[in-house]
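A.B. asks: Structure below; questions to follow.
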Amino acid sequence: IVVADVPAVPSANLGPVRFVSVYVPNGGKDYEAKMRFFGQLQRWMAETIQSGTALVLCGDINVAREERDVHPRERKPNQIGTRPEERDLFGVMLEAGVTDVGRTLDPDNDALFTWWAPWRSLRQRNIGWRIDYVLATSTVASLARTCVSRREFGTSDHAPVVATFLP
């Protein structure tokens with residue numbers, strides 16, 4: 001899949017469902033490039049969904065969708081990853097027809113963090129950000145049974161986010 005001038009988006013079809021893994025640039029070195037990529041991804045998603053394709057998009061979106069998706073100790077005014085224009089583009093993606101599976105299954109959890117600054121103690125104490133997501137079109141999202149951040153696994157500064165879908 002090629003998203004305009006954006007590098008190919010890895011994907012695989014499993015029956016009628018397209019699975020896509022994506023990394024949205026964090027924007028620290030080139031914020032405008034992040035916004036262009038994000039806009040192109042949002043347009044590609046809308047076109048894909050409008051075509052009737054069932055979709056699961058997962059990966060590092062590099063945006064904390066809501067204020068509660070950043071631990072209070074990590075919040076700073078106008079920081080990249082929390083800016084209104086980033087959250088607005090993320091909102092447009094959701095409005096195009098995908099569900100945030102993790103938040104839907106655990107709507108009251110204010111500690112769904114998936115990324116921690118590279119200090120092990122922050123990960124251990126779960127002082128982080130929620131920037132990794134599993135997004136799915138409604139037909140697929142309705143089959144979701146779990147979606148959890150597995151912060152106890154791995155050595156990366158990101159936790160694996162694992163979703164289970166069952167008919």
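A.B. asks: Only sites in a loop by DSSP and with at most 15 other Cβ atoms within 10 Å count here; which GluC sites (Glu not before Pro) in segment 10-82 make the cut?
C.D. replies: Answer in residue order: Glu66.
A.B. asks: Using 0.36 nm per residue of separation minus the Cα-Cα distance, give me the extension gain between Asn13 and Arg36 in nm, one decimal. Each step should come with its number before you reach the end.
C.D. replies: On the way: separation 23, 0.36 × 23 = 8.28 nm, distance 2.61 nm.
Length gained between Asn13 and Arg36: 5.7 nm.
A.B. asks: Picking from Gly81, Thr53, Asn13, whose Cα lies most toward the positive end of the charge dipole for the chain (charges on Cβ: Lys, Arg +1; Asp, Glu -1)?
C.D. replies: Gly81
A.B. asks: Same structure, new question: Using alpha carbons only, what's the Rg to Rh ratio of segment 3-79 with Rh from Kirkwood?
C.D. replies: With Rg and the Kirkwood Rh in hand, the quotient comes to 1.03.
A.B. asks: Same structure again: Which value in deg cm²/dmol, rounded to the nearest 500, describes the helix-derived mean residue ellipticity at 222 nm for the chain, given -39,500 (n - 2.57) per DSSP H run of n ≥ 4 and division by the residue count?
C.D. replies: When only DSSP H runs of four or more count, the value is -8000 deg cm²/dmol.
A.B. asks: Next up: Got a number for the accessible area of Tyr23? Probe 1.4 Å, square angstrom, nearest 10.
C.D. replies: Near enough 120 Å² of accessible area.
A.B. asks: If you project the alpha carbons of the chain onto their three principal axes, what span does each projection cover, largest first, in Å?
C.D. replies: That works out to 43, 38, 27 Å along the principal axes.
A.B. asks: Please work out the FRET efficiency for the pair Glu95 and Lys29, using the Cβ-Cβ distance as r and a Förster radius of 30 Å; give the result to the nearest 0.05.
C.D. replies: Working from the Cβ atoms, E equals 0.55.
A.B. asks: Between Thr53 and Ser121, what length comes free when the chain is fully extended (0.36 nm per residue of separation minus the Cα-Cα distance, one decimal in nm)?
C.D. replies: So the extension gain works out to 20.3 nm.
A.B. asks: Between rounded, prolate and oblate, where does segment 60-125 land on the alpha carbon gyration tensor, with a ≥ b ≥ c its root eigenvalues, rounded for a/c under 1.5, else prolate if a/b exceeds b/c?
C.D. replies: oblate
A.B. asks: Working with all protein chains in place, sort Glu152, Glu86 by solvent-accessible area computed with a 1.4 Å probe, largest first.
C.D. replies: Sorted by accessible area, descending: Glu152, Glu86.
The values are calculated or read from the model by the stated rules, or taken from the named source; none is laboratory data. The shown structure was predicted, so the numbers you read here are calculated from the model rather than taken from an experiment. So basically every Cβ, Gly included, is an ideal-geometry build from the backbone, and we count neighbours across all protein chains shown. Quick note on the areas: whole protein, heavy atoms, side chains included, nothing else; ligands and nucleic acids left out. Shrake-Rupley method; radii C 1.70, N 1.55, O 1.52, S 1.80 Å.
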